[in-house]
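Undergrad: Structure incoming, see below.
We did not get these values from a lab; they are worked out from the coordinates using the rules stated. Everything numeric in this text was worked out from a predicted model, so none of it was measured. For neighbour counting, all protein chains shown are included, and Cβ atoms are generated from backbone atoms with ideal geometry for every residue, glycine included.
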Amino acid sequence: MSLFYFYYFLSESSENFGPEAFIDPETGLVYPEAKRISSGMATAIPGAVKAWEEAIEAYGNLSLAEVLEPAIQIAEEGFRADENYVRKTLKKQALIKQI
């Protein structure tokens, strides 16, 4: 029989985020969906990273830094965009320009 452990950590919104976060102060109207889902207004502190840290400390063979190293390298050096990535990005170009 296999034993599985489940880590559940919710994301938390920043202290700056409140009930008026999606309201345009100039118009009093809710911002358009494109702006709400793609701007920095709806950022959260990801609980997943804390769950990874605890799971790695309890059961892992690598440190958190070692596990995250490939992601850090991509963030610092970039990555080669394949045809699919370019196609999808170009498809979203109009939405990106609205932001």
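Undergrad: Could you tell me which of V30, F6, A75 has its Cα farthest along the dipole of the chain towards the positive end, charges placed at Cβ (Lys, Arg +1; Asp, Glu -1), taken about the Cα centre?
TA: Positive-end residue among those listed: V30.
Undergrad: So, one more: Can you compute the charge dipole magnitude of the chain about its Cα centre, using +1 on each Lys and Arg Cβ and -1 on each Asp and Glu Cβ, nothing else charged? Give it in debye, rounded to the nearest 20. Don't jump to the answer; show the numbers that get you there.
TA: Values: 9 positive and 15 negative charges, 135 e Å.
So the magnitude is around 640 debye.
Undergrad: Another question, if that's okay. What list of ³J(HN,Hα) values in whole Hz, one per residue of the stretch 16-28 in order, does the Karplus curve 6.51 cos²θ - 1.76 cosθ + 1.60 (θ = phi - 60°) give from phi, with Gly and Pro shown as x?
TA: After applying 6.51 cos²θ - 1.76 cosθ + 1.60, I find 6, 8, x, x, 9, 4, 9, 9, 6, x, 6, 10, x Hz.
Undergrad: Quote the Stokes-Einstein diffusion coefficient, in whole µm² s⁻¹, for the chain, based on the Kirkwood radius over alpha carbon pairs, a temperature of 20 °C and a viscosity of 1.002 mPa s.
TA: Estimated via Stokes-Einstein, D reaches 122 µm²/s.
Undergrad: In addition: Can you tell me the orientation of helix 47-59 relative to the chain, as the angle in degrees between its alpha-carbon axis and the longest Cα principal axis, to the nearest 10?
TA: For helix 47-59, the angle is close to 0 degrees.
Undergrad: Determine the sum of side-chain charges near A34: Lys and Arg each +1, Asp and Glu each -1, restricted to other residues whose C-beta is under 15 angstrom from that of A34.
TA: +3
Undergrad: Evaluate the relative contact order of the chain (contact order divided by residue number), counting alpha-carbon pairs under 8 angstrom at least 6 apart; express in whole percent.
TA: Here the relative contact order equals 31 percent.
Undergrad: First select every other residue whose beta carbon is under 9 angstrom from the beta carbon of L64; then total the charges, Lys and Arg +1, Asp and Glu -1.
TA: -3
Undergrad: I would also like to ask the following. Going Cα to Cα from K97, which lysines come in below 29 Å? Please leave out same-chain ones fewer than 8 positions away.
TA: Straight-line reach from K97, under 29 Å: K35, K88.
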